[in-house]
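Since every read-out is calculated from the coordinates, none of them should be taken as a lab result. Keep in mind that this is a model prediction, so the values were computed, not measured. Cβ sites come from the backbone with ideal geometry, for glycine too, and all protein chains shown count toward neighbours.
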Amino acid sequence: MSPPPPVTPEEARVVLVIGVIGSGTMGHGIAQVLAQAGYEARLCDVDERLVTDAIGKIRVSLDKGVLRGKIDRGTRDAALSRIKATTSLIEAVRDADLVIEAVPEKLELKREIFATMDRAAPERAILATNTSSLSVAAIAKVARDPSRVLGMHFFNPVPVMKLLEIVRHETTSDAATATARALGVAIGKEPIVVRDVAGFASSRLGIAIGLEAMRMAESGVATIPDIDKAMKLGYGHPMGPLELSDLVGLDVRLAIADYLEKEIGPSFKPPELLKRMVQEGKLGKKVGEGFYKWKDGKIQG
Ligand code: CAA
């Protein structure tokens, strides 16, 4: 297999309005960075409370950006005014030049949403999924024109992490790829273009370390903080693999592991500890408990 073919910036289409479907950890972060860079963002989720919470989190993150001197107040206020929250998927996509779906990692759910996006978005619109591992081609199958579908994989926390992984499936057009790439640059990310293989370039490696760390915690090799410390201080990772799993969400990690086990093999079999924690609702930072207890965005104790 050779690397994906290069695209030139001239092939990129103009993008002004972007629908973001799903207002969770990734979706609201994506809407924030788009609005900060001057795009009109339509942020959609299934109920009013979720979108209101998401706007609240964007506000907190923008305030943090102001406090740290990353953005000024004017940029914060302008960004907030460019985000329109809605519970209607159709409203979120009907005047969009590009749509980014960021709902949970369930193929059937994503396909259902893509089928609606495909019908309701303008024909010119590019349709992107933020999936971290699922087959983009399998999602694209429900679109009448799969060439406008691709992956745009962001990283958490979205305002801080520089990588944007653009995933081309077999028939993704050069124009769609060039547009996603140009958008990535415009919002301050470093895009890489990868082929549509399970786990892409980032998740396969990232999850391998995370799952091994869980197996080590499960068998008592060391305490959870010491396993994390080993990778932070021994390998220079900004965060240990168990803390990172809490940040990403244990449900997200489990869904990726299940999928990669099926697609790649038993080395990605999810540890019992991970399955148990998800069953118990210990999903990580977003619920206040995972491998660590969290309060106000910080590990307790
Ligand atoms: N807006 C703008 N900038 C912000 C910000 C915000 N809301 N919050 C933080 N920042 C900036 C800070 O100002 C700081 O910038 P400088 O370095 O220029 O000073 C930088 O971000 C780091 O912030 P902090 O000092 O608060 O935090 P930290 O140094 O403890 O780092 C971290 C926090 C960035 C999360 C770091 O621990 C890290 O990189 N962790 C690993 C994260 C990671 O691996 N993410 C990928 C997960 S996998 C994924 O997401 C994909 C998937 O498919 C599941």
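The stretch 1-75: which GluC sites (Glu not before Pro) are DSSP loop and have at most 13 other beta-carbon atoms within 10 angstrom?
Qualifying residues, ordered by number: none.
Modelled this way, with points 7 Å down the Cα-to-C-beta line, the labels at V160 and S81 are 3.0 nm from one another. Under a Gaussian network description of the chain, with springs only between Cα atoms under 10 Å, the residue in G19, G249, G220 that fluctuates furthest is G220. Less than 5 angstrom separates the built amide H of G19 from those of R42, D97, L98, V99, I100, all sequence-distant by 5 or more or on a different chain.
In terms of Cα atoms, the Rg and Dmax of the chain work out to 18.9, 55 Å.
Kindly provide the GluC sites (Glu not before Pro) of the stretch 53-160 that DSSP labels as loop, not H, G, I, E or B, and whose Cβ sees at most 10 other Cβ atoms within 10 Å. Please report the intermediate quantities before stating the final value.
Details: sites: E91, E101, E105, E108, E112, E123; in loops: E105, E123.
When the GluC sites (Glu not before Pro) of the stretch 53-160 are filtered for loop state and at most 10 Cβ neighbours within 10 Å, E123 remain.
As an exercise, use a Förster radius of 41 Å and the Cβ-Cβ distance of M1 and S219 to find the FRET efficiency, rounded to the nearest 0.05. For M1 and S219, the calculated efficiency is 0.70.
Taking each DSSP H run with n ≥ 4 as -39500 (n - 2.57) and averaging over every residue of the chain yields -14000 deg cm²/dmol at 222 nm.
Under 17 Å of direct C-alpha separation, and excluding same-chain neighbours fewer than eight residues apart, K141 reaches these lysines: K106, K110.
If a/c stays under 1.5 just call it rounded; otherwise compare a/b with b/c (prolate if a/b is bigger, oblate if not). Do that for the stretch 112-258, with a ≥ b ≥ c from the square roots of the Cα gyration tensor eigenvalues.
Details: a/c = 2.88, a/b = 2.03, b/c = 1.42.
Verdict is prolate for the stretch 112-258.
Between their Cα atoms, which of K84/K275; K84/K232; K162/K293; K189/K282; K189/K262 are more than 29 Å away from each other? Pairs exceeding 29 Å: K84/K275; K84/K232; K189/K282; K189/K262.
Multiplying the residue separation of R68 and K141 by 0.36 nm and subtracting their alpha-carbon distance yields 21.9 nm.
On full extension, the segment bounded by L273 and K298 gains 6.7 nm, given 0.36 nm per residue less the C-alpha separation. Each of D196, D95, D228 was scored by other Cβ atoms within 10 Å of its Cβ. Listed from fewest to most, they are D95, D196, D228.
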